[in-house]
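Written out below as structure tokens is the structure these notes cover.
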Amino acid sequence: MNHKFFIECLYYTGKRRKNERNIVYRTINDISLKLDLFLPDNDENPPLIMWIHSGARIIDCKHALAFLRKNENKYPMDVSEICVSGDSAGGHLAALMGVTACHSEWEPERA
């Protein structure tokens, strides 16, 4: 079973974006948690827009964000500027990520 988030880095220059799909950000037993990353086709470091488009566990969303922060040198993005959003269940998860920020029991290190 695979779970995937849609993580998007947007840079509004009108330039074509390159995609990196099925990036494994965490493995639990034999389940790979994956995300897709859409990056600008230039050397700029755009702010990160994390778009959650489906239901998942909030801690999985936080693990995805932690993975992106840890790998900021691998992917051209600015993790000092992050927007987390989504629609439907993804919007609820984005809101929960915000209201549980800095609560140690909801951070990836404790999960």
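Of note:
- Approximating the spin labels as points 7 Å out from Cα along Cα→Cβ, the I28-to-Y75 distance works out to 2.0 nm.
- Among residues other than V79 with Cβ under 10 Å from its Cβ, the summed charge is -1 (Lys and Arg +1, Asp and Glu -1).
- Residue-wise HN-Hα coupling along the stretch 84-100, computed from phi with Karplus coefficients 6.51, -1.76, 1.60 (Hz; x: Gly, Pro): 10, 8, x, 10, 6, 4, x, x, 5, 5, 4, 5, 5, 4, x, 6, 9
- Chain lengthening between S85 and S54 when straightened (0.36 nm per residue, less Cα-Cα): 10.0 nm
Taken together, the values in this text are just the output of simple stated rules run on the coordinates, not laboratory data. Note that the structure is a prediction, hence the values are computed from the model and not measured. Glycine gets a Cβ as well: all are built from the backbone with ideal geometry, and neighbour counts include every protein chain shown.
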